[in-house]
Amino acid sequence: MEYISLEKEETRSQIDLSLIPEDLVKKHLVLPIRTDNGRLKLVIHDPMDLELLDLLRFRLNRELDTVIAPKSAIKSFIDGTTRTEHENTFGIALNRTLLFVSAGPDGDFGTLDLTDPDFDPIATADNVYSYKPGADQ
């Protein structure tokens, strides 16, 4: 059985998470590398888990070629990749929210100083969302 090191950038760049569903990657801690002649090459941590290999063959409808890596390295790779995607999604949502909040109810963008110790995004958001046009007239 071939062993690979997921610490090497050369190896990490070979991983192609688009080859199998994300739920299989996370649940079973497997990493797809490539397909050759209808066979999928996977990084696994336990080559003796025949039940998992059978399940993957069934779910993916293809034969498997496996290489091994430590479970902790596979988990770290998955967590790092997933965390980055979630951080990007969260960052985009946060930026959009802050932009909306900084615009205020009248659409005036003014300035938003996140370093200001008096800045309270919750109170600001509450003011924007509870704004009723014409109430201040």
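Here are the numbers for this structure:
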| item | result |
| --- | --- |
| Subset of the range 1-21 (residues that are among the small types (Gly, Ala, Ser), in contact (Cβ under 8 Å) with a residue 60 or more places away in the chain and more than 14 Å from Ala73 (Cβ to Cβ)) | none |
| Number of the condition not met by His86 [criteria: (1) open to solvent by less than 90 Å² (accessible area, probe 1.4 Å); (2) at pLDDT below 95] | (1) |
| Scope the range 10-40; condition over 19 Å from the mean Cα position of the chain (by Cα) and surrounded by fewer than 17 Cβ atoms within 10 Å (Cβ to Cβ); matching residues | Glu10, Arg34, Thr35, Asp36, Asn37, Gly38, Arg39 |
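Rundown of residues vs (1) open to solvent by less than 80 Å² (accessible area, probe 1.4 Å); (2) at pLDDT 55 or above; (3) within 30 Å of Glu2 (Cβ to Cβ); (4) of a type in the set (S, T, N, Q), yes/no style:
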site	(1), (2), (3), (4)
Leu42	yes, yes, yes, no
Leu64	yes, yes, yes, no
Ser72	no, yes, yes, yes
Lys75	no, yes, yes, no
Phe90	no, yes, no, no
Gly104	yes, no, no, no
Phe109	no, no, no, no
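The values are calculated or read from the model by the stated rules, or taken from the named source; none is laboratory data. All values derive from a computational prediction rather than experimental measurement. When we count neighbours, we look across all protein chains shown, and the Cβ atoms used for this are built from the backbone with ideal geometry, even at glycine. Ligands, DNA and RNA are excluded from the accessible area calculation, which covers all protein heavy atoms including side chains. Shrake-Rupley method; radii C 1.70, N 1.55, O 1.52, S 1.80 Å.
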